[in-house]
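The values are calculated or read from the model by the stated rules, or taken from the named source; none is laboratory data. Predicted model, so just to flag it, every value in this text is computed and none were measured. All Cβ positions, glycine included, derive from the backbone under ideal geometry; neighbour counts span all protein chains shown.
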Amino acid sequence: MPLKNTSEKELDAHISVTPRFTVKMLEKALRLYTPSLSEKPMAEFLADKCDDLGFEDIQIDEVGNVIAKKGSGSPTIMLCGHMDVVPGKVKVRREGDSLHGRGASDAKAPLMAMLFAAASVKENNGTIIFVGAVDEEGNATGIKNLVKKDLGVDYAVFGEPSGTKQVTIAYKGRLAINLKVSVEDSSHASAPWLSKNAIEESLIFVNELKKKLESNQEDRTKGMLLTATMTEIKGGMSHNVTPKECETTFDIRIPVDNNCKNVEQQIATSVKEISEERGVEAFYSILDETEPFEAPHNSPIVRAITLGIREVEEAHPKLIRKTGTGDMNVLGNQWKIPVVTYGPGDPHEAHTIDEKVSIDEYLRGIEILKKSLQHLKRLHDKKLK
């Protein structure tokens, strides 16, 4: 795309970046409906805004991620938010302090807050790599492609709704499995005693598997629980014939003191035991595998955001473990650099039928991120002395 010269960019940034402008841009972003792998309109919108705000090396990579650079010098800090939203449109509107729309909380408010925080960075005050990633709500195509690149990043912040007074330092891992249960024969529905019913057997099977995987966790907090949840079921060929096969999908979330390999071994042993007990055939396959991740609590990035929160909110921030899984898992485990997740928005609003974000919180989030970047520059330089 054609880029403006430096003086034009600086003029645009000087004139444009007001609280009113940042809210207007978030509203425009929400009007772009961008479910996973349909993020192109948002990518083009962000690339255009980056151009206006004085970013350099603006590109849309081979999978659709937006990548742009602002500032210069050390450290190099990646601010990464995702452009995709879960399916389901929400009417974009303002009601009092709330801005409604799909992605308002998860995660276009954090993404746009990062954009405007990055835009504030001056030359020789650190290099910001701003990223709008694709497919976070799907199979993490964007971040999996990004970690293959050598960007020389020292610290990373991922944009997800945590609330402005909380910093996410851990996410659970995830295993998604397909479980197929088969019985020997089918029968007419009027004589169900003639054969086993694959759907009924699947329900028994998944309950037994859930019990085995979730056992001995009575003293654990929600953030440290292993959970196994059936999310899909498919079986039966006709309304009057008992099903011979049934497939279910399991979503398993793994706490940070466990790992995918260990849970896979539990699944293999349990599936074999239950199939023998029930006298049915059972096979499973792994659909998705993401390791859990917890960031060091005392890293410069955690301290910088903590200081930013204290400065703006005048409150003591809280470090939290989330029960979900995010792009931080992929990058944190691959690059092994200090990383956190942070952003304005109520995580309980994410994916809801009337998703919204507080406008005041969004604006405070921008200020916290700006100050955090300043603190991180100072802490990084101090560490090098």
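In this structure, is GLU137 acidic (Asp, Glu), at pLDDT below 95 and within 22 Å of the chain's Cα centre (by Cα)?
Values: acidic (Asp, Glu): yes; at pLDDT below 95: yes; within 22 Å of the chain's Cα centre (by Cα): yes.
For GLU137, the condition - acidic (Asp, Glu), at pLDDT below 95 and within 22 Å of the chain's Cα centre (by Cα) - is met.
Given (1) over 17 Å from ALA117 (Cβ atoms); (2) surrounded by 24 or more Cβ atoms within 10 Å (Cβ to Cβ), where does GLY64 come up short, assuming only one miss?
Among (1) over 17 Å from ALA117 (Cβ atoms); (2) surrounded by 24 or more Cβ atoms within 10 Å (Cβ to Cβ), the lone unmet condition for GLY64 is (2).
Where in the stretch 277-385 are there helices (runs of 4 or more DSSP H), lying fully within it, with 2 or more residues that are in contact with a Pro (Cβ under 6 Å, 6 or more places away or on another chain) and touching a residue at least 40 places away in the same chain (Cβ under 8 Å)? Full working, then the answer.
Working: elements: 300-313, 327-335, 359-384.
Helices (runs of 4 or more DSSP H) meeting the threshold: 300-313, 359-384.
For the subset of the stretch 269-286 comprising residues that are surrounded by 14 or more Cβ atoms within 10 Å (Cβ to Cβ) and among the aliphatic types (A, V, I, L, M), which member is farthest from the chain's Cα centre (by Cα)?
Top of the filtered list is VAL280.
Might you let me know whether the stretch 146-164 holds any residue that is in contact with an Asp or Glu (Cβ under 7 Å, 6 or more places away or on another chain) and not in a loop (DSSP other than H, G, I, E, B)?
yes
For the subset of the stretch 331-365 comprising residues that are in contact with an Asp or Glu (Cβ under 9 Å, 6 or more places away or on another chain) and aliphatic (A, V, I, L, M), which member is nearest to VAL302 (Cα to Cα)?
Within the stretch 331-365, the match that is nearest to VAL302 (Cα to Cα) is ILE337.
What is the number of the single condition among (1) touching a Gly at 6+ places or on another chain (Cβ under 7 Å); (2) surrounded by 17 or more Cβ atoms within 10 Å (Cβ to Cβ) that GLY73 does not meet?
(2)
In contact with a strand residue (DSSP E or B) (Cβ under 7 Å, 6 or more places away or on another chain) and crowded, with 18+ Cβ neighbours inside 10 Å: is that true of GLU367 in this structure?
Numbers: in contact with a strand residue (DSSP E or B) (Cβ under 7 Å, 6 or more places away or on another chain): no; crowded, with 18+ Cβ neighbours inside 10 Å: yes.
When the stated conditions are applied, GLU367 does not pass them.
Of THR231, THR248, which residue is in a strand (DSSP E or B) and surrounded by 14 or more Cβ atoms within 10 Å (Cβ to Cβ)? Reasoning before the result, please.
Working: THR231 fails: surrounded by 14 or more Cβ atoms within 10 Å (Cβ to Cβ).
Being in a strand (DSSP E or B) and surrounded by 14 or more Cβ atoms within 10 Å (Cβ to Cβ) holds for just one of THR231, THR248, which is THR248.
Residue by residue through the stretch 315-372, note down the ones that are among the polar types (S, T, N, Q) and either over 23 Å from ASN65 (Cα atoms) or not assigned by TED's automatic domain parsing to the domain that holds PHE158 (or both). Please lay out each step first, then the result.
Residues of the stretch 315-372 among the polar types (S, T, N, Q): 323, 325, 329, 333-334, 341, 352, 358, 372.
Across the stretch 315-372, the qualifying residues are THR323, THR352, SER358, SER372.
Restricting attention to the stretch 20-61, report how many residues are on the phi > 0 side of the Ramachandran plot and among the acidic types (Asp, Glu). Working first, answer last.
Filtering the stretch 20-61 down to residues on the phi > 0 side of the Ramachandran plot leaves 37, 54, 57.
Filter again for among the acidic types (Asp, Glu), leaving 57.
Adding up the residues that qualify gives 1.
Filter the stretch 209-228 for residues that are in a strand (DSSP E or B) and among the aliphatic types (A, V, I, L, M) and give the result.
Of the residues in the stretch 209-228, the ones in a strand (DSSP E or B) are 227-228.
Selection gives ALA228 alone.
Please go through (1) part of a helix (DSSP H, G or I); (2) over 22 Å from THR325 (Cβ atoms); (3) at pLDDT below 95 for VAL206 and return the number of the only condition it doesn't satisfy.
The one condition VAL206 does not meet is (2).
Working only within the stretch 54-111, note down all residues that are more than 19 Å from the chain's Cα centre (by Cα) and polar (S, T, N, Q).
Matches in the stretch 54-111: GLN59, SER72, SER74, THR76, SER98.
Give the residues of the stretch 194-227 that are hydroxyl-bearing (Ser, Thr, Tyr) and either out of contact with any Gly (no Cβ under 8 Å at 6 or more places or on another chain) or within 22 Å of GLU294 (Cβ to Cβ) (or both), sorted by residue number. Walk me through how you get there before you give the answer.
Within the stretch 194-227, the subset hydroxyl-bearing (Ser, Thr, Tyr) is 195, 202, 215, 221, 227.
The answer is SER195, SER215, THR221, THR227.
Anything in the stretch 165-195 that is surrounded by fewer than 15 Cβ atoms within 10 Å (Cβ to Cβ) and either in a strand (DSSP E or B) or not aromatic (Phe, Trp, Tyr) (or both)? List them, or say none. If you could, list the steps in order and put the result at the bottom.
Within the stretch 165-195, the first condition is being surrounded by fewer than 15 Cβ atoms within 10 Å (Cβ to Cβ), and the residues that meet it are 184-185, 188-194.
Listed by number, the residues that qualify are GLU184, ASP185, HIS188, ALA189, SER190, ALA191, PRO192, LEU194.
Specify which of the listed residues (ASP97, ASP135, ASP51) is in contact with a Ser or Thr (Cβ under 7 Å, 6 or more places away or on another chain), crowded, with 18+ Cβ neighbours inside 10 Å and not β-branched (Val, Ile, Thr). Give the derivation first.
Working: ASP97 fails: crowded, with 18+ Cβ neighbours inside 10 Å; ASP51 fails: in contact with a Ser or Thr (Cβ under 7 Å, 6 or more places away or on another chain).
Sole residue among the options that is in contact with a Ser or Thr (Cβ under 7 Å, 6 or more places away or on another chain), crowded, with 18+ Cβ neighbours inside 10 Å and not β-branched (Val, Ile, Thr): ASP135.
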